[in-house]
Amino acid sequence: MRIIFLFIDGVGLREAASDNPVNPEVCPTLCRLITSHSKPIDACLGVEGLPQSATGQATMFTGVNCARAMGKHCEGFPGPSLRRIIEENNLFLQLKKRGKRVKFADAYLVESAEELIPRRYKSVTTVMALTTPEVVMTADDLAEDRALMQDLTRETIQDRYPDIRVIPPQRAAEHLFAIARENDFTLYEFFQTDVSGHSMDYARACAVLRTYDRFLSALVRFTEAAGLTLVMTADHGNIEAMDDRSHTRNPVPFIAFGPREKELRDSVSSLEDVTPAVLAAFDGF
C-alpha cells in the first residue's frame, strides 16, 4: 500500500460561474477527479467564521478539530498552542510509529532540517515535518531531482538559484512518482492556488490551475499504472470564487483514486476525518 497525498491549498467546490476557474476548460483532469472520484467534505469544522489555513491544515494532519480546540479559525502560521497539538500527534508521527516510510516531497531552500528549527514562523507542514526530520528535503535534493518545488516548475526561485533548472510540470510529476515508489506515504503541498485566489486575478488563477492540471494529468497516469493510491484535498475554499479575496465556507473536495479509494472516501466527511482515514487505509499493510 502506497499513498501519494496531494495537499492543494485554497480549492473549494462551487457551481459553475463566470468567476470560478475550477472548470473543465481550465483544469480538466482535476474536474474529472472531482466528478468521478471525490466527495465534498466540510472545512468549517462547526466553528463560526471563515475557515483558515492554520487550523484547517492542523486539523487535516492531526485528526483533531483544531478550530474548536482554539475556539476560532486561525490564519497563517500556527501559534504556540496550535504547534503543540501538531507536534504531539500528527500524521507523519503516527505513520512512523506504524513502521511506514514517510517523505515530504517539497524542498526547503536550506542545507539541513536544523536550519528550520529557529524560524519564528513555520507552516503547519513544517512543524509536522520537524517532528520527523528525516522527511525533510533540501535545496540539494531539489537540484538532484529528488524533491519538488512548491511551484512545481521552479520558476519562482530562478533569481536565487539560477543553477537549478526550470522544468515542466509533467517532469515534476515524474519526480514525485519516483519519490513515492520509495516510500509508503508521500506528501506534496501546493499553495499557489491559494495565493492566486487571494489576488482576485482570474487570468493568474487560470494559469496556476493549468500548470497544476498538467502535473496532475501525468501523475494520475503514473499512479494508475503502478497501483498507487492518490489522495487529494484542500484546507478551505478560495480560488473557486475569484470575486472576493477572502476564503469561502464552501466544502472542499476529498479525492481518492486507486486501491481502497471507496473505503477512503466513505470514511471522510470533514477535515477532521482525513488523518484517521489515511491511517485506517494502512491497517493490515
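Values in this text are rule-based calculations from the coordinates and carry no lab data. Source: prediction; values computed, not measured. Ideal geometry is used to build each Cβ from the backbone, glycine not excepted, and the neighbour counts take in all protein chains shown.
Worth pointing out:
- Of all residues in segment 241-280 being over 18 Å from the mean Cα position of the chain (by Cα), closer than 22 Å to Thr62 by Cβ and in contact (Cβ under 8 Å) with a residue 40 or more places away in the chain, the one that is surrounded by the fewest Cβ atoms within 10 Å (Cβ to Cβ): Arg249
- Tabulated pairs, segment 120-135, first part of a loop (DSSP other than H, G, I, E, B), second basic (Lys, Arg), C-beta under 6 angstrom, 6+ apart or interchain: Thr132/Lys96
Every residue, every condition in (1) outside any helix (DSSP H, G or I); (2) under 20 Å from Leu216 (Cα atoms), yes or no:
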| residue | (1), (2) |
| --- | --- |
| Ser246 | yes, no |
| Pro253 | yes, yes |
| Ala256 | yes, yes |
| Leu264 | no, yes |
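- Of all residue pairs spaced 6 or more apart or on separate chains, those with beta-carbon atoms under 7 Å, a first member in segment 196-219 that is in contact (Cβ under 8 Å) with a residue 12 or more places away in the chain and farther than 16 Å from Gln150 by Cα and a second member that is among the polar types (S, T, N, Q) and part of a helix (DSSP H, G or I) are Ser217/Thr29; Ala218/Gln170.
- Counting only residues that are within 22 Å of Leu82 (Cα to Cα) and of a type in the set (Ser, Thr, Tyr), segment 109-124 holds 2 of them.
- Exclusive hit being closer than 22 Å to Phe104 by Cα, under 19 Å from the mean Cα position of the chain (by Cα) and in a helix (DSSP H, G or I), set Ala205, Ala178: Ala178
- Restricted to helices (runs of 4 or more DSSP H) entirely inside segment 1-92, those with at least 2 residues that are crowded, with 20+ Cβ neighbours inside 10 Å, hydrophobic (A, V, I, L, M, F, W, C) and within 17 Å of the chain's Cα centre (by Cα) are 28-37, 53-62.
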